[in-house]
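> This structure is in structure tokens; I'll ask about it shortly.
The values are calculated or read from the model by the stated rules, or taken from the named source; none is laboratory data. Remember, predicted model here, so these are calculated numbers, not experimental data. Positions of Cβ are backbone-derived with ideal geometry, glycine not excepted, and every protein chain shown enters the neighbour counts.
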Amino acid sequence: MKGMNVLFENMFPGNLKSRKSATVSLLKQSVYFVLFLFCFNLNANSQTISSEKTDTIKVGSLLPSFSLKDQNDHEFDINSVRGKHNLVIYFYPKDETPGCTKEACSFRDQFEVFKKEDAVIIGISGQSVASHLEFANKYHLNFTLLSDEGNKVRKLFGVPGSILGMPGRVTYVVNKEGKVVLVFNSQFDAEKHIDEAMKVLKDLN
């Protein structure tokens with residue numbers, strides 16, 4: 001204990017109590033600084049990943065071709081619906097997370113409304129076919145979920161990551177000409193994706 005007091009006296013001359021208080025304050029500031037560097041590094045990594053993408057799908061882009069397994073382990077080719085229906089393609093971070101569950105259930109609840117606008121709903125994330133099937137069965141999802149393990153299609157679209165290092169949440173609406181008419185990006189307002197997609201679809205018809 002005596003040795004600690006000597007250390008405090010050498011680091012912070014003056015009253016011992018105030019020296020200890022100053023040390024605690026210094027430690028807190030150090031923790032905050034480390035956390036800041038951690039968050040900054042995540043953001044930098046996200047920006048680096050984004051800068052490596054050669055293409056980013058935006059309003060006016062033509063929908064690219066791709067094919068992935070759905071929750072029933074069937075190969076789903078986007079060309080089977082492109083040019084025949086309006087499409088709502090939404091990328092989400094992960095099955096079973098609170099925001100993704102809310103978003104999926106909102107699309108489920110509005111399924112008939114989207115159907116009236118001749119829109120096909122397609123959810124895409126990086127989990128396995130088995131994970132998607134469990135997610136779909138648990139919440140009685142009535143639309144297609146595609147397994148993008150390795151994030152091949154996510155990269156094809158140029159979907160940005162979030163500042164927290166999570167996969168991004170982005171919705172694309174594609175008209176019957178195969179042209180993108182909406183790109184809506186909101187990581188935390190999951191249910192707003194449904195509202196924004198519906199607004200655009202109503203304007204198309």
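Rundown of residues vs (1) in the same structural domain as PHE91 (by TED's automatic domain parsing); (2) under 12 Å from TYR92 (Cβ atoms); (3) buried (at least 16 other Cβ atoms within 10 Å of the Cβ), yes/no style:
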{"residue": "TYR139", "(1), (2), (3)": "yes, no, no"}
{"residue": "GLY161", "(1), (2), (3)": "yes, no, yes"}
{"residue": "MET166", "(1), (2), (3)": "yes, yes, no"}
{"residue": "ASN175", "(1), (2), (3)": "yes, no, yes"}
{"residue": "PHE184", "(1), (2), (3)": "yes, no, yes"}
{"residue": "GLN187", "(1), (2), (3)": "yes, yes, yes"}
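> Determine which single condition VAL88 fails, assuming it passes every other condition in (1) in contact with a Leu (Cβ under 7 Å, 6 or more places away or on another chain); (2) within 22 Å of LEU201 (Cα to Cα); (3) of a type in the set (A, V, I, L, M, F, W, C).
Here VAL88 meets the rest and fails (1).
> Select from the range 79-137 the residues that are aromatic (Phe, Trp, Tyr) and either over 19 Å from the mean Cα position of the chain (by Cα) or modelled with pLDDT under 95 (or both) and list them in ascending order.
PHE111, PHE114
> How many of the residues in the range 109-139 are free of Cβ contacts under 8 Å to residues at least 24 places away in the same chain and under 24 Å from GLY178 (Cα atoms)?
3
> Looking only at residues that are of a type in the set (S, T, N, Q) and either assigned to a strand (DSSP E or B) or within 15 Å of the chain's Cα centre (by Cα) (or both) in the range 148-205, which one is nearest to ARG82 (Cα to Cα)?
THR171
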